[in-house]
Amino acid sequence: MFIHKIDEEVSLKLIELNDAERIFELTDHNREHLRVWLPWLDMTTKIEDTKGFIQMCLKGYAENNSMNTVILFKGEIVGAASFNTIDWSNKKASIGYWLAAEYQGNGIMTKTARALTDYAISELKLNRVEIRAAVENKKSRGIPERLGFVNEGCIRQAEWLYDHYVDHIVYGMLAEDWNKE
């Protein structure tokens with residue numbers, strides 16, 4: 001089992017089937033909170049849906065084109081963060097994340113995104129890391145902004161959320177800029 005310790009309280013662990021119950025519990029408990037910005041909540045109605053998602057994550061990891069982790073806070077799963085895609089031919093990755101409402105405001109996600117960005121650039125030797133967030137999702141946008149990612153523009157109607165489109169801001173970090181830190 002791979003665990004990446006970020007600090008005394010926060011770690012990342014590769015997702016595994018044994019995590020399904022806790023992930024589904026968090027998803028179900030935070031359904032309204034997460035549904036505002038994430039399109040998959042209506043398709044996650046039972047633990048089998050979460051198990052199917054985890055199997056898809058494990059397949060992506062085995063094929064070396066994604067990496068999904070759970071976020072551990074004081075040893076407990078509190079959310080998820082991933083390289084949704086790893087594009088080896090262009091040496092870039094895209095980070096996605098979510099956190100249970102009761103754990104927000106503790107710097108957990110900023111630490112997580114920093115660790116994933118550093119891992120992508122330092123360990124995987126990628127050149128570019130992207131984070132996309134809905135224009136109105138101020139909390140999510142704050143993470144790449146705090147980490148010095150560049151706002152590279154707006155993609156109009158980038159995502160369908162249940163009954164409407166949302167525009168996305170694309171944030172990018174290049175290895176040459178990250179390594180100046």
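The values are calculated or read from the model by the stated rules, or taken from the named source; none is laboratory data. Owing to the predicted nature of the structure, the values given are computational and were not obtained by experimental measurement. Please note: Cβ atoms are built from the backbone with ideal geometry, for glycine as well, and neighbour counts cover all protein chains shown. Side chains included, ligands, DNA and RNA excluded: accessible areas come from the protein's heavy atoms. Shrake-Rupley method; radii C 1.70, N 1.55, O 1.52, S 1.80 Å.
Observations, loosely collected:
- Of all the criteria given as (1) in contact with a helix residue (DSSP H, G or I) (Cβ under 7 Å, 6 or more places away or on another chain); (2) in a strand (DSSP E or B), the one not satisfied by Ala113 is (2).
- Residue in segment 45-65 that is open to solvent by 80 Å² or more (accessible area, probe 1.4 Å), out of contact with any Leu (no Cβ under 8 Å at 6 or more places or on another chain) and of a type in the set (A, V, I, L, M) present: yes
- Subset of segment 75-89 [over 26 Å from Asn137 (Cβ atoms) and either modelled with pLDDT under 95 or not hydrophobic (A, V, I, L, M, F, W, C) (or both)]: Gly75, Ser89
- Residues in segment 45-74 that are more than 17 Å from Asn18 (Cα to Cα) and either more than 17 Å from the chain's Cα centre (by Cα) or part of a loop (DSSP other than H, G, I, E, B) (or both): Thr45, Ala62, Glu63, Asn64, Asn65, Ser66, Lys74.
- Unique residue being surrounded by 21 or more Cβ atoms within 10 Å (Cβ to Cβ) and among the aliphatic types (A, V, I, L, M) when the list is Ile95, Ile77: Ile95
- Single residue of segment 138-161 satisfying the filter (open to solvent by 60 Å² or more (accessible area, probe 1.4 Å), in contact (Cβ under 8 Å) with a residue 12 or more places away in the chain and not in a strand (DSSP E or B)) that is farthest from Thr117 (Cα to Cα): Lys139
- Residue in segment 31-42 that is in a helix (DSSP H, G or I) and over 16 Å from Ala101 (Cβ atoms) present: yes
- Tally, over segment 23-44, of residues that are of a type outside the set (A, V, I, L, M), closer than 30 Å to Asn90 by Cβ, touching a helix residue (DSSP H, G or I) at 6+ places or on another chain (Cβ under 9 Å) and surrounded by fewer than 16 Cβ atoms within 10 Å (Cβ to Cβ): 1
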